[in-house]
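S.K.: Just dropping this structure here.
The values are calculated or read from the model by the stated rules, or taken from the named source; none is laboratory data. As the structure is a prediction and not an experimental result, all values here were calculated from the model. Methodologically, a virtual Cβ is constructed for each residue, glycine included, from the backbone with ideal geometry; neighbour enumeration extends over all protein chains shown. We work out accessible area using only protein heavy atoms, side chains counted, and drop any ligands, DNA or RNA first. Shrake-Rupley method; radii C 1.70, N 1.55, O 1.52, S 1.80 Å.
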Amino acid sequence: MTEFIQKRAKNAKNDILSGATVALALVPEAVAFAFVAGVDPLVGLYAAFMVGLITSIFGGRPGMISGATGALAVVMVSLVAEGNAMGTPEENLGLYYLFATVILMGVIQMLAGVLKLGKFVRLIPHPVMMGFVNGLAIVIFMAQLKMFRDADGAYFTGSELWTMIGLVALTMAIMFVLPKFKLTKKLPEALIGIIVVSLIVVFGNLDVATVGSFIRDGGGEGLKGGLPQFQTDIFSKVPFNWQTIKFIGPYAVILAAIGLIESLMTLNLVDELTETRGNANRECMAQGGANIVTGFFGGMGGCAMIGQSIINIKGGGRGRLSGITAAVLLLVFILFASAYIEQIPIAALVGVMFMVVVGTFAWSSFRILRKIPVSDAIVLIAVSLITVWKDLAVAVIAGVIISALVFSWENARRIRARKRMREDGTKVYEIWGPLFFGSIKAFNEKFDPKNDPENVEIDFVESRVSDHSAIEAIFNIVNKYEAEGKSIKLKHLSEDCKVLLYKSSPKFREVIIEDIDDPRYHLAENPEAFTKGLSEYNL
């Protein structure tokens, strides 16, 4: 009992300390994404707090961190701009249309959870997953390069640049050295790096970019704010009619899809890192509920964040307490500690994110690139590039489509027909390979209705009829032989295929042979013999 209590206490300590590190890393990300979307920094911070808190409590993946993300922010830019164009500048209608869209986005995500669509993430091939990880690592890296610019958008030069590089390198060195030599297990190395570099900047009176200067350069007034307020103006500013649905509907669908894809892909990655399994459908429900709440309380919506999730996992955060701690501390920063958080140098947070990039990128992909099939290598590279060029959702969808087309093409080439003649003059076609829309053309080319003998039999013992196109192909072959006045029989069709053919035409009751002489069926007919056979082999 004592050992159990000590273990739980240790886990709680790790979750709290890791959550504190994540909270610090959430601040510049949430602020930056709010600027990208064209809204006030507090809108991004409130979203990070509410989405992070709700998904940590109710989500399907303990230890995964959610908040305002860049993948969603880039879609919100045009939404906010078009919404503002509908009224006067003083009305700021774009913000309220954003809130309404986030609410609808949440409803769509909850419907995905109710319909259990989260399970389809298992269909994502491994090359797509590796491409997603690599592409996202590159995106995170490129996002940090923007922190090397001043308020006018020009890159730092001279001593300012070298000071920034030095502080970033120092943060990375601390994070690299501490675990390597096991110098401490009390605090996450990322948190130690942030504290050490912040103390150097404060007591060394160094003139570098900080969280506060970053907010002010972007047009914000600071980090300080109050509690999120229920946005009653949504109902008066946004008319509930068909025109509004037509406007926000497409944005809501896109945002919901991007949010779920990024969340479920991150869930899969965290599953691999922790060697546990999350609940995808529960995560869909939690993400949807979180976005509904954040829409009503003035947040820009969000989804899972791979960078912060990896910081949490690497820092020892495994339970729900880590995400709850990060969200609550973020609110504490906003309410009470804004003056202190604004003094944290951007360089320290950039260093942490650079180490996330190093840990996220699948370096093994370079080693295996020549060892895997060319099609998988193309998918891996394509997903990585599209993630950088467009966004995560487009990349994953494109990767799945490419993989599906390659799979269909490879299987389409596998259809075979062994031909033999019986003593009674019947020609037998033994079909081998999957019969589906991709292999129909090759399937049709195997037969010669005009020159075949009077009696023909098609045996599907080594084939599987997979879709309606395949059934239609069988129907057409039968018609061609009957048009030539020849007898044709079909053998070893699956039960579902036979049912569909019987529905299509009564004549198939005479064409299909019902006698089951496939050896594979005998296992079900004689289970005792099957069990006895297994016991002989100690199975």
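S.K.: Restricting to the range 245-272, give me the number of residues that are in contact with a Leu (Cβ under 7 Å, 6 or more places away or on another chain), over 15 Å from residue 129 (Cα atoms) and open to solvent by 20 Å² or more (accessible area, probe 1.4 Å).
M.R.: Matching residues across the range 245-272 total 1.
S.K.: If you don't mind, there's one more thing I want to ask. On the basis of being under 30 Å from residue 372 (Cβ atoms), surrounded by fewer than 13 Cβ atoms within 10 Å (Cβ to Cβ) and not β-branched (Val, Ile, Thr), does residue 142 make the cut?
M.R.: Numbers: under 30 Å from residue 372 (Cβ atoms): yes; surrounded by fewer than 13 Cβ atoms within 10 Å (Cβ to Cβ): yes; not β-branched (Val, Ile, Thr): yes.
It is true that residue 142 is under 30 Å from residue 372 (Cβ atoms), surrounded by fewer than 13 Cβ atoms within 10 Å (Cβ to Cβ) and not β-branched (Val, Ile, Thr).
To keep it simple, each residue is scored yes or no on (1) open to solvent by 10 Å² or more (accessible area, probe 1.4 Å); (2) touching a residue at least 60 places away in the same chain (Cβ under 8 Å); (3) touching a Leu at 6+ places or on another chain (Cβ under 7 Å); (4) over 18 Å from residue 248 (Cα atoms).
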position: 76; (1), (2), (3), (4): no, yes, yes, no
position: 105; (1), (2), (3), (4): no, yes, yes, no
position: 116; (1), (2), (3), (4): yes, yes, no, yes
position: 127; (1), (2), (3), (4): yes, yes, yes, yes
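S.K.: Taking residue 110, is it over 29 Å from residue 345 (Cβ atoms), within 29 Å of the chain's Cα centre (by Cα) and open to solvent by 50 Å² or more (accessible area, probe 1.4 Å)?
M.R.: Against the criterion (over 29 Å from residue 345 (Cβ atoms), within 29 Å of the chain's Cα centre (by Cα) and open to solvent by 50 Å² or more (accessible area, probe 1.4 Å)), residue 110 qualifies.
S.K.: Turning to a different aspect of this structure: Can you tell me how many residues within the range 45-59 are farther than 14 Å from residue 332 by Cβ and in a helix (DSSP H, G or I)?
M.R.: Adding up the residues that qualify gives 8.
S.K.: Taking the range 443-459 as the search range and keeping residues that are open to solvent by 30 Å² or more (accessible area, probe 1.4 Å) and touching a residue at least 12 places away in the same chain (Cβ under 8 Å), which one is nearest to the chain's Cα centre (by Cα)?
M.R.: 444
S.K.: Right, next: Hey, does the range 256-267 have a residue that's under 22 Å from residue 228 (Cβ atoms), in contact with a Ser or Thr (Cβ under 8 Å, 6 or more places away or on another chain) and among the β-branched types (Val, Ile, Thr)?
M.R.: No.
S.K.: Right, next: Hey, does the range 27-37 have a residue that's surrounded by fewer than 23 Cβ atoms within 10 Å (Cβ to Cβ), modelled with pLDDT of 90 or more and on the phi < 0 side of the Ramachandran plot?
M.R.: Within the range 27-37, not a single residue is surrounded by fewer than 23 Cβ atoms within 10 Å (Cβ to Cβ), modelled with pLDDT of 90 or more and on the phi < 0 side of the Ramachandran plot.
S.K.: Taking the range 390-433, which residues are assigned to a strand (DSSP E or B), closer than 17 Å to residue 455 by Cα and open to solvent by 50 Å² or more (accessible area, probe 1.4 Å)?
M.R.: 418, 419, 420, 421
S.K.: Looking at (1) farther than 22 Å from residue 67 by Cβ; (2) over 17 Å from the mean Cα position of the chain (by Cα), can you tell me which one residue 295 breaks?
M.R.: Of (1) farther than 22 Å from residue 67 by Cβ; (2) over 17 Å from the mean Cα position of the chain (by Cα), only one is false for residue 295: (1).
S.K.: Which of the numbered conditions does residue 498 fail, given that it passes all the others? Conditions: (1) at pLDDT below 90; (2) open to solvent by 20 Å² or more (accessible area, probe 1.4 Å); (3) charged (D, E, K, R).
M.R.: (2)
S.K.: When you go through (1) assigned to a helix (DSSP H, G or I); (2) within 29 Å of residue 79 (Cβ to Cβ); (3) modelled with pLDDT of 90 or more one by one for residue 307, which number turns out not to apply?
M.R.: Looking at each condition in turn, residue 307 falls short on (3).
S.K.: Run down 234, 194 and say which single residue is assigned to a helix (DSSP H, G or I) and closer than 30 Å to residue 136 by Cβ.
M.R.: On the way: 234 fails: closer than 30 Å to residue 136 by Cβ.
Among 234, 194, only 194 is assigned to a helix (DSSP H, G or I) and closer than 30 Å to residue 136 by Cβ.
S.K.: Does residue 151 qualify as being over 25 Å from residue 329 (Cβ atoms), of a type in the set (A, V, I, L, M, F, W, C) and modelled with pLDDT under 85?
M.R.: Here the answer is yes, as residue 151 does meet what is asked.
S.K.: Is the range 151-159 home to any residue that is out of contact with any Leu (no Cβ under 7 Å at 6 or more places or on another chain), in a helix (DSSP H, G or I) and within 20 Å of residue 21 (Cβ to Cβ)?
M.R.: Step one: list which residues in the range 151-159 are out of contact with any Leu (no Cβ under 7 Å at 6 or more places or on another chain), which gives 151-159.
Cutting the leftovers down to in a helix (DSSP H, G or I) gives us 158-159.
Then keep just the ones that are within 20 Å of residue 21 (Cβ to Cβ); that gives none.
No, the range 151-159 contains no residue that is out of contact with any Leu (no Cβ under 7 Å at 6 or more places or on another chain), in a helix (DSSP H, G or I) and within 20 Å of residue 21 (Cβ to Cβ).
S.K.: In addition: Identify, please: which residue in the range 334-348 is farther than 30 Å from residue 162 by Cα and in a helix (DSSP H, G or I) and is, among those, least open to solvent (accessible area, probe 1.4 Å)?
M.R.: Ranking the candidates gives 334 first.
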